[in-house]
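*Asks:* Right, I'll just put the structure down here and ask away after.
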Amino acid sequence: MNARIAVLTWAIAAVALAHGASAQATRDSLRLDVLQTAAERHDPRAQQLAIRESQAALRLRTIADERLPSITGAALAQHQSVVTEFPAVPGRPAVSLLHDTYDAHVELVEPLLDPTRAARAASERAQLARARADVTTALYAVRQQVNASFFTVAALSARHEAIVATIADLETQARVADARVRNGTALRGELAALRAEVLRRRQDDAQILADRDAALRVLADLTGVALPSDATIALPALERQVAESRARQDSIAARPELARFERMRDVLSRQADVVGAQTRPRVSAFVRGGGGRPGLDILSTTFRTYWVGGLQVQWAPFDWGRTSRERQALELERDAVSADASAFRDALRRQTLSDVSTIGRLEGVLADDDEIVALREQIVREAAARFRESTITVAEYVDRQTELLTARISRGLHRVELAQARATYLTTLGLQVR
């Protein structure tokens with residue numbers, strides 16, 4: 001009974017340990033969607049959005065404050081060499097205006113009607129929307145950089161795994177050759193050839209690991225995430241997502257560049273509204289109070305206080321076609337932006353056609369890769385048996401191993417290339433890889 005309990009305890013512990021190791025491996029695996037999100041957050045341009053929003057808030061507040069009255073003050077002191085003189089009349093002596101005059105006043109102006117205010121606020125909000133689209137577009141470009149670095153690491157990892165398997169096979173046969181040399185049934189040259197091949201494969205593997213470490217450093221710099229040199233790559237399973245996307249006939253409407261083009265057109269429309277609003281009348285009320293000599297009574301010779309108030313209208317209905325020409329120029333700019341958007345759509349559509357063709361080709365190639373590797377493994381097993389029986393040379397066995405290594409590398413690279421083609425297709429459409 002105690003023995004059964006002990007066995008059960010060890011079994012539970014082993015399962016828990018295996019589960020923990022599996023969970024740790026999952027946590028440590030590099031996932032493309034997580035790295036893309038991290039890269040977008042780490043990019044310094046992500047801070048521009050908050051900056052643009054703060055700028056827009058300040059400008060909108062300035063426009064809104066134009067509704068408040070403005071207060072100005074002015075003072076004037078002057079001397080005139082010649083003034084008007086009034087000749088004497090019966091009962092009144094001759095009078096002349098003052099050579100020295102003084103005036104100081106404060107004026108308050110309250111805007112009552114300004115058609116440009118709403119148009120300028122709408123233009124500012126359109127500018128903010130375009131700034132957001134600019135930042136989103138800039139950050140989206142980081143995804144392609146992450147894709148390139150991620151799949152470079154994946155391809156180098158596939159090469160590393162294939163070479164490690166080949167080294168293990170060669171070391172096994174080297175031990176067999178060593179035993180045969182000690183027994184006097186083989187020459188030392190055979191053992192030397194196998195050991196030399198092992199060393200050559202290790203050199204190749206060291207170069208691959210160095211290149212992989214460099215690619216990992218680039219990926220870490222892009223994402224701001226510390227990546228261990230032994231991190232494993234989790235190729236994204238995108239077959240279902242790509243199939244669903246193609247079944248829905250997804251267009252490229254999700255690309256942020258298209259939203260940016262739309263925001264650019266919106267900005268130009270709002271700017272045209274501002275130009276048109278400038279030809280409409282603006283009305284404001286004013287009141288001015290102050291004191292001076294002679295004040296409002298030009299014949300007075302003493303300091304007097306005064307005030308004056310009323311309405312003022314500013315209107316420039318005729319501008320010799322300037323407003324019309326500016327609006328036409330903005331419309332032409334909108335047409336240019338629309339042309340750029342159409343060209344961008346066409347370019348992406350052609351790219352998706354290329355991506356779909358690549359995906360189809362690699363899916364067909366992968367169907368044969370497993371069979372090719374299986375056949376090469378069978379050939380190597382037979383070659384190993386014949387090598388142990390001394391019916392083939394070391395060179396022939398190494399050739400069979402090289403052919404198997406090539407097949408394994410090709411299969412690994414094709415898997416990486418297929419995952420990359422699918423990720424590129426989704427990224428081209430503007431869809432999030434998941």
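Computed from the coordinates by the stated procedures, all read-outs in this text should not be read as laboratory data. The structure displayed is predicted, hence computed values, not measured ones. Quick reminder, even Gly has a Cβ in these numbers, built from the backbone with ideal geometry, and neighbours come from all protein chains shown.
*Asks:* In deg cm²/dmol and to the nearest 500, what is the mean residue ellipticity at 222 nm of the chain if only DSSP H runs of at least 4 residues count, each as -39500 (n - 2.57), divided by the residue total?
*Replies:* On the way: 9 runs with 296 residues, N = 434.
Mean residue ellipticity, 222 nm, calculated: -25000 deg cm²/dmol.
*Asks:* Over the Cα atoms of segment 85-237, how large are the radius of gyration and the largest Cα-Cα distance (Dmax), in Å?
*Replies:* Here Rg and the maximum Cα pair distance are 43.3, 155 Å.
*Asks:* Go ahead and run the numbers for FRET between PHE86 and ASP65, Cβ-Cβ distance against an R0 of 60 Å, rounding to 0.05. Walk me through the numbers before you get to the answer.
*Replies:* Numbers: r = 48 Å, r/R0 = 0.81.
It comes to 0.80.
*Asks:* In what sequence, highest mean first, do 343-353, 267-277 appear when ranked by Cβ atoms within 10 angstrom?
*Replies:* Details: 343-353: 13.5, 267-277: 19.4.
Highest to lowest by the protection proxy: 267-277, 343-353.
*Asks:* On to the next question. Take peptides 42-49, 121-128, 172-179 and line them up by average Cβ neighbours within 10 Å, highest first, as a rough protection proxy.
*Replies:* Working: 42-49: 14.0, 121-128: 19.2, 172-179: 17.4.
So the peptides 42-49, 121-128, 172-179, ranked by packing, come out 121-128, 172-179, 42-49.
*Asks:* Run the numbers on the chain and let me know its relative contact order in percent, using alpha-carbon pairs under 8 Å that are six or more apart.
*Replies:* Details: 513 pairs, mean separation 99.7, N = 434.
Contact order relative to length: 23 percent.
*Asks:* I'd like the FRET efficiency for GLN378 and GLN145, computed as 1/(1 + (r/R0)^6) with the beta carbon distance as r and R0 of 60 Å, rounded to 0.05. Don't skip to the answer; put the middle values down first.
*Replies:* Numbers: r = 42 Å, r/R0 = 0.70.
That gives a FRET efficiency of 0.90.
*Asks:* Gain in length, ALA243 to HIS99, computed as 0.36 nm per residue apart minus the alpha-carbon separation, to one decimal in nm? The partial results should precede the final answer.
*Replies:* On the way: separation 144, 0.36 × 144 = 51.84 nm, distance 9.31 nm.
Contour length minus Cα-Cα distance gives 42.5 nm.
*Asks:* Along each of its three principal axes, how wide is the spread of alpha-carbon positions in segment 310-434, in whole angstrom units, largest first?
*Replies:* Reported extents, whole Å, longest axis first: 115, 30, 23.
*Asks:* Place a +1 charge on the Cβ of each Lys and Arg in segment 355-432 and a -1 charge on the Cβ of each Asp and Glu, then give the dipole magnitude about the Cα centre in debye, rounded to the nearest 20.
*Replies:* Using only the charged Cβ atoms, the result is roughly 180 debye.
*Asks:* Could you tell me which residue out of THR116, GLN173, SER81 lies farthest along the dipole of segment 80-213 toward its positive end? Charges go on the beta carbon: Lys and Arg +1, Asp and Glu -1, centred on the Cα centre.
*Replies:* Final value for the positive-end residue is GLN173.
*Asks:* Next question. Helix 239-248: angle to the longest alpha-carbon principal axis of the chain, degrees 0 to 90, nearest 10?
*Replies:* The answer is roughly 50 degrees.
*Asks:* Between GLU371 and VAL164, what length comes free when the chain is fully extended (0.36 nm per residue of separation minus the Cα-Cα distance, one decimal in nm)?
*Replies:* Taking 0.36 nm per residue and subtracting the Cα distance, the gain is 72.5 nm.
*Asks:* Given 20 Å bins starting at zero, what is the percent of C-alpha pairs of the chain in each, up to the one with the largest pair distance?
*Replies:* It works out to 16, 29, 23, 15, 10, 6, 2, 0, in whole percents.
*Asks:* What size of dipole, in debye to the nearest 20, comes out for the chain about its Cα centre when the only charges are +1 on Lys and Arg C-beta atoms and -1 on Asp and Glu C-beta atoms?
*Replies:* Numbers: 58 positive and 55 negative charges, 106 e Å.
Using Cβ point charges on Lys, Arg, Asp and Glu, the chain gives about 520 debye.
*Asks:* Same structure, new question: What length, rounded to one decimal in nm, is gained on full extension from GLN78 through to ARG288, with 0.36 nm per residue of separation minus their alpha-carbon distance?
*Replies:* Details: separation 210, 0.36 × 210 = 75.60 nm, distance 2.02 nm.
This chain segment gains 73.6 nm when fully extended.
*Asks:* May I ask for the percentage of alpha-carbon pairs in segment 275-357 that lie more than 18 Å from each other?
*Replies:* Numbers: 2458 of 3403 pairs.
Value for segment 275-357 (Cα pairs over 18 Å): 72 percent.
*Asks:* From the Cα trace of segment 195-348, what convex hull volume per residue do you get, rounded to a whole Å³? Before the final figure, lay out the partial values.
*Replies:* Numbers: hull volume 52.0 nm³, N = 154.
Value for segment 195-348: 338 Å³ per residue.
*Asks:* Net charge around GLY291, counting only other residues with Cβ within less than 14 Å of its Cβ (Lys, Arg = +1; Asp, Glu = -1)?
*Replies:* 0
*Asks:* If you don't mind, another one. Assuming R0 = 25 Å, can you tell me the calculated FRET efficiency for the pair VAL181 and ASP213, based on Cβ-Cβ distance, to the nearest 0.05?
*Replies:* Working: r = 37 Å, r/R0 = 1.49.
Result of the calculation: an efficiency of 0.10.
*Asks:* Between VAL313 and ASP340, with labels modelled 7 Å along Cα→Cβ, what's the label distance in nm to one decimal, could you check?
*Replies:* According to this spin-label approximation, the distance is 4.2 nm.
*Asks:* On to the next question. Less than 10 Å Cβ to Cβ from ALA277, Lys/Arg counted +1 and Asp/Glu -1: what total charge do the surrounding residues give?
*Replies:* Details: positive: ARG117, ARG120, ARG280, ARG282; negative: ASP114, ASP273.
It works out to a net charge of +2.
*Asks:* Once you have all Cα-Cα distances for segment 42-153, histogram them in 5 Å bins from zero and send the whole-percent values.
*Replies:* Taking every Cα pair in segment 42-153, the percentages come to 2, 8, 10, 9, 8, 7, 7, 7, 7, 6, 5, 5, 4, 4, 3, 2, 2, 1, 1, 1, 0, 0, 0.
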